[in-house]
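The values are calculated or read from the model by the stated rules, or taken from the named source; none is laboratory data. A quick note: this is a predicted structure, and the numbers were derived from the prediction, not measured. Cβ sites come from the backbone with ideal geometry, for glycine too, and all protein chains shown count toward neighbours. To get the accessible areas, we keep the full protein, side chains included, count just its heavy atoms, and leave off ligands, DNA and RNA. Shrake-Rupley method; radii C 1.70, N 1.55, O 1.52, S 1.80 Å.
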Amino acid sequence: MINYYFETREFGISDNGIHLLRSRFNYETVHFDQVDSLTIEKGKELNNWIVILIIGLGLVGFSLYYSLRLFNIIDNNEVNVIYIEEILVPLIPFMLGGYCLYSSTRNGTILRLKTIKNKTDKFPLRELEKDNRIGQFQDFLKEKLNTKIRINV
């Protein structure tokens, strides 16, 4: 197993290059000479954030609609008994939709990697920021990539 100088859940960096990881196992290596450009910037941490935002809005909208409908039924005395399941139905989608909205709007520092084969990947750097290693990470990449790196933080 390779020892990485910097490691997150999605990538690790060694002397050979940038190793793309799944469950801490290398599935692809991008050597430093294959890197076209590398950018460290602020941005959305999720790749498909707009889809998650729409799903979250749909779940919250459904929950609000169902709650208002349930309130109207209770207010007009249309039913005598209300089961607990009828109250829980809007609660669970509301909580899930709220989490989707939170996740889709979360911004952070990201690493945008573009290879010479025009493949672009985006990785969040939250773990490195949490460990206060982002400065060391930037210095290491400046040393390895020289002019191919841009930092827009």
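Structural remarks
- Rolling a 1.4 Å probe over the protein heavy atoms gives the chain an accessible area of 66 Å² per residue.
- Within straight-line cross-link reach of LYS142, lysines at Cα separation under 22 Å, skipping those fewer than 8 residues along the same chain: LYS42, LYS114, LYS117, LYS119, LYS122, LYS130
- On the chain, 54 percent of the accessible area sits on carbon and sulfur atoms, based on a 1.4 Å probe.
- Taking the longest Cα principal axis of the chain as reference, the axis of helix 134-145 is set at about 50 degrees.
- Checking (i) 18.5, 67; (ii) 22.8, 74; (iii) 23.8, 78 against the coordinates, the calculated Rg and Dmax of the Cα atoms in Å falls under label (ii).
- Leading residue at positive end of dipole, the chain (Cβ point charges), from SER63, VAL51, ILE73: VAL51
- Cα-based helix-to-principal-axis angle, 84-105 vs the chain, degrees rounded to 10: 30
- Approximating the spin labels as points 7 Å out from Cα along Cα→Cβ, the SER14-to-LYS114 distance works out to 2.8 nm.
- Once C-alpha pairs closer than 8 Å and six or more residues apart are averaged by separation and normalised to the residue number of the stretch 1-121, the relative contact order reads 32 percent.
- Positive-end ranking of ASN132, THR120, THR109 along the dipole of the stretch 104-153, with charges on Cβ about the Cα centre, is headed by THR120.
- Cβ charges +1 (Lys, Arg) and -1 (Asp, Glu), total dipole of the chain, debye: 620
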